[in-house]
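Below is one structure; the comments refer to it alone.
The values are calculated or read from the model by the stated rules, or taken from the named source; none is laboratory data. These numbers come from a predicted model, not from an experiment. Positions of Cβ are generated from backbone atoms using ideal geometry, with glycine treated the same way; all protein chains shown enter the neighbour counts. These area figures cover heavy atoms from the full protein model, side chains too; ligands, DNA and RNA do not enter into them. Shrake-Rupley method; radii C 1.70, N 1.55, O 1.52, S 1.80 Å.
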Amino acid sequence: MVVSRLTSRILKLSLGTLAVATSTFLATSYLGFLNKKQKTLPPKTKREKTLTVAIVGAGPSGLVCAKNMLWEGLEPTVFEQSSQLGGTWRYVDSNLSNEYSSCYWSLKTISSKYEIEFIDFPFKTLIPFEHPHHTNVFRYLHDFASYFSLTDHIKFNTQVKSIRRNPDDQNSWQLTLYDRKTDIIYTRSFDAVAICTGLFSSPKYKFFPNFKGTQIHSRDYKRPQVFQNQRICIIGSGASGLGIA
């Protein structure tokens, strides 16, 4: 049900039950239903009952997953543990327990905007940059959610603590949820689950005990000012290492 431009793994697919893990930056929109000037939804698939889908994460993958589920006539609910949508493209100055983000201030996309935009929702032509700044991507995702009326389907400040088969109905899933605002833990059942948390929320730390200076992971880096007039060693020449350098 979700088509990813790069990587989308089907973890479980059975009658009435679906679990999807999507770990790409921007999953592409469902091909064939819309062109770039239309907003008309296709006829809903006729079913005996409306299937409910729990989507974990309101980043790019979670948003496009929710939109496609609505197109298919399903009933999605997106659970986002922070207070805003956007996933890794939502910048916060410090990684608080419920508002963390891997985004740093100078972050730009490493791919062209023409490669990462949703096929039916292009970047605005007013953005002149081939590789948009994270603020442009964040605004783009908000515009996408607003255009397709996705925000009403998102439960913010809600952390998914566990997912398991419903003990009372093996054809459905039971989610244990934690409401950060009310400090209440509760459960809900769904016909399907889509995991759209991406790869960037849990860093892999490797520290060097003999090094006496400050050591941080790129996930915890935000702005360069704190390292002014210091000698910096960056380990790793991936996208984060090169971007921070």
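Place the peptides 108-116, 208-216, 176-184 in order of packing, highest mean first, counting for every residue the other Cβ atoms within 10 Å and averaging per peptide.
Highest-to-lowest ranking by the protection proxy: 108-116, 176-184, 208-216.
What Kirkwood Rh does the range 140-240 have if only Cα atoms enter the pairwise 1/r average? Answer in Å. Intermediate results must be reported in sequence, preceding the final value.
Values: mean 1/r = 0.0547 Å⁻¹.
Averaging 1/r across every pair of different Cα atoms and inverting gives 18.3 Å.
Enter the accessible area per residue of the range 97-211 (Å², integer; probe 1.4 Å; all protein chains in place).
I get 60 Å² per residue for the range 97-211.
Per-residue counts of other Cβ atoms within 10 Å, averaged by peptide: what ranking do you get for 236-244, 85-93, highest first?
In decreasing order of mean packing, 236-244, 85-93 become 85-93, 236-244.
Which percent of the accessible area of the range 99-199 is formed by carbon and sulfur heavy atoms (probe 1.4 angstrom)?
Ligands and nucleic acids excluded, carbon and sulfur give 52 percent.
Local charge sum around Trp89 (other residues, Cβ-Cβ under 12 Å, Lys/Arg +1, Asp/Glu -1)?
+3
From largest accessible area down, sort Trp173, Trp105, Trp71; use a 1.4 Å probe on the protein chains.
Greatest to least solvent exposure: Trp105, Trp173, Trp71.
Quick check: the distance between the Cα centres of the range 150-166 and the range 220-245, to the nearest angstrom?
34 Å
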